[in-house]
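Peer 1: Here you go, one structure.
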Amino acid sequence: MSKTPQSGVDIDLGNQCSRTAYAWAKKTFANRPSGEGNPKLDVDGSFSNIMDFRGVKVGMSSDGIGTKIELAERTGIYNTIGYDLIAMTADDLAANGMETVNMTNILDVDHLDHEIINELMKGLNEAANFSNVIITGGEIAEMGNRVGGYGDKMHFNWCAAGVSMLPEGLDPIDGADIKPGDTVISLKSRGFRSNGYSLLRRIMEDNYGPEWHEHPYCDSTWGKALLVPSLIYTPLIASLRKAGHEIKGISHITGGGLGDNFGRVLKVSAYGAELNDIYQPLSVMLAVQEVGRVSEEQAYRLWNMGNGMLLVVPAEEAEAIIKDASKLQYEAKICGTIIEKAEITIDTKGLDPQRLSYKVES
């Protein structure tokens, strides 16, 4: 494979900025005494924030769709990215064992287009119904040329914040109980979810020109193929926990790929993992990797490569969890095991299969 294109996003710099922002945020924790909102679960690398309000644990998370929005603008399909909005927010909360109860959203637009807003909210409604989430409110802000995008229709940026609760009688999942010998389960994804689109768009334009979204791909177009909405894992995690299954750690595979995101879970226990049977990348992912001449290492650093979420469970629980996941129409498989050495090794299955290693930073 030849030269690998740059994504336009510096993941290491992004991690550094996130750590700096969180450090400043932690300085505010003393503003509320314990029991009145002081964080109960203060775990560096956690996927969400969990507070204790007079004995009731409440989780909060915020996120957005990012530049995947441009795919909606290019294709004129606006009623699917609500799934991405909920997945990016609620699945971060699910990674700590929380069940999202309600969400609010902020839609920044350059100018108002009622038809497009109706389609966006229709899709958000469908995703909320799938996830059993209440949309309690939001804001639409007209910002003129502060917001840009593709084409001459309404341009927008869409973010949300979710509030979650623990299923009754259960504690947050923070990875602290993970031990060598535990089993790692992968939940299959159905697309790129909502990460790595800066590189995706660059690859498409470099190879197919400015109107790349109209270029044929299989029996569809590249625009529609890359717009496939995120599968939301929140209902599955809630169901597994309510059924009594023990889950020790959960990693939501977003920007940073398998290594970075799974490392955030394992750093709590300071153990590592061998991931030797992960899902193969979806055909569209392999096609993008080939067209864009993306190295195996970069592909697995930016995209989920077919694996949307990883669960760490006791070995004796694994088969029952996979069976229950199948009943809810989720594909799951055993993909590895926890080891004592603080290192994650991944046997990749892209165009150039190899073994990648990531140190788990304690």
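The values are calculated or read from the model by the stated rules, or taken from the named source; none is laboratory data. As the structure is a computational prediction, the values presented were derived from the model and not from experiment. Backbone-built Cβ (ideal geometry, glycine too); neighbour counts: all protein chains shown.
Peer 1: So Q280 ticks every box in (1) buried (at least 17 other Cβ atoms within 10 Å of the Cβ); (2) farther than 19 Å from D91 by Cα; (3) under 21 Å from the mean Cα position of the chain (by Cα) but one. Which box is left unticked?
Peer 2: Failing condition for Q280: (1).
Peer 1: Look at the range 313-362 and say how many of its residues are buried (at least 20 other Cβ atoms within 10 Å of the Cβ), in contact with a Gly (Cβ under 6 Å, 6 or more places away or on another chain) and among the hydrophobic types (A, V, I, L, M, F, W, C).
Peer 2: Number of matching residues: 2.
Peer 1: I'm trying to understand the selection: among the residues of the range 268-301, which are within 30 Å of G175 (Cα to Cα), basic (K, R) and at pLDDT 95 or above?
Peer 2: Within the range 268-301, none qualify.
Peer 1: Counting only residues that are surrounded by 15 or more Cβ atoms within 10 Å (Cβ to Cβ) and closer than 30 Å to I237 by Cβ, which one in the range 134-155 is nearest to the chain's Cα centre (by Cα)?
Peer 2: I135
Peer 1: For A72, work out the one condition from (1) crowded, with 22+ Cβ neighbours inside 10 Å; (2) closer than 19 Å to E126 by Cα; (3) within 18 Å of the chain's Cα centre (by Cα) it doesn't fulfil.
Peer 2: Here A72 meets the rest and fails (3).
Peer 1: Note down all Cβ pairs under 7 Å where the first residue falls in the range 128-148 and is not assigned by TED's automatic domain parsing to the domain that holds V109, the second is assigned to a loop (DSSP other than H, G, I, E, B) and of a type outside the set (D, E), and they're at least six residues apart or on different chains.
Peer 2: none
Peer 1: Name, by its number, the condition in (1) crowded, with 24+ Cβ neighbours inside 10 Å; (2) part of a loop (DSSP other than H, G, I, E, B); (3) on the phi < 0 side of the Ramachandran plot that does not hold for N79.
Peer 2: (1)
Peer 1: Something else about it: Quick one: which residue in T89, T104 is closer than 21 Å to V163 by Cβ, part of a strand (DSSP E or B) and not charged (D, E, K, R)?
Peer 2: Numbers: T89 fails: part of a strand (DSSP E or B).
Going through T89, T104 in turn, just one is closer than 21 Å to V163 by Cβ, part of a strand (DSSP E or B) and not charged (D, E, K, R): T104.
Peer 1: Out of (1) within 26 Å of W222 (Cβ to Cβ); (2) out of contact with any helix residue (DSSP H, G or I) (no Cβ under 8 Å at 6 or more places or on another chain); (3) crowded, with 22+ Cβ neighbours inside 10 Å, the odd one out for E115 is which?
Peer 2: Every listed condition holds for E115 apart from (3).
Peer 1: Oh, and also: Quick one: would you say F192 is touching a Phe, Trp or Tyr at 6+ places or on another chain (Cβ under 7 Å), surrounded by 23 or more Cβ atoms within 10 Å (Cβ to Cβ) and of a type outside the set (A, V, I, L, M)?
Peer 2: Numbers: touching a Phe, Trp or Tyr at 6+ places or on another chain (Cβ under 7 Å): yes; surrounded by 23 or more Cβ atoms within 10 Å (Cβ to Cβ): yes; of a type outside the set (A, V, I, L, M): yes.
Judged against the criteria, F192 is a match.
Peer 1: Follow-up. Yes or no: I178 touching a Pro at 6+ places or on another chain (Cβ under 7 Å) and either closer than 15 Å to N304 by Cβ or among the β-branched types (V, I, T) (or both)? Walk me through how you get there before you give the answer.
Peer 2: Working: touching a Pro at 6+ places or on another chain (Cβ under 7 Å): no; either closer than 15 Å to N304 by Cβ or among the β-branched types (V, I, T) (or both): yes.
In short, no.
Peer 1: Now a separate question. Consider the range 12-45. How many of its residues are at pLDDT 65 or above and under 25 Å from D260 (Cα atoms)?
Peer 2: 15
Peer 1: Please count how many residues of the range 156-171 are buried (at least 22 other Cβ atoms within 10 Å of the Cβ) and over 17 Å from the mean Cα position of the chain (by Cα). Before you say what the answer is, go through the steps one by one.
Peer 2: Of all residues in the range 156-171, those buried (at least 22 other Cβ atoms within 10 Å of the Cβ) come to 156, 158, 160, 162, 164.
Now restrict to residues that are over 17 Å from the mean Cα position of the chain (by Cα): 156.
Matching residues across the range 156-171 total 1.
Peer 1: Taking the condition of being free of Cβ contacts under 8 Å to residues at least 12 places away in the same chain and β-branched (V, I, T), how many residues in the range 312-327 meet it?
Peer 2: Here the count works out to 0.
Peer 1: Restricting to the range 319-362, and then to whatever is out of contact with any Phe, Trp or Tyr (no Cβ under 9 Å at 6 or more places or on another chain), of a type in the set (S, T, N, Q) and part of a loop (DSSP other than H, G, I, E, B), can you tell me which residue is farthest from I247 (Cα to Cα)?
Peer 2: Q354
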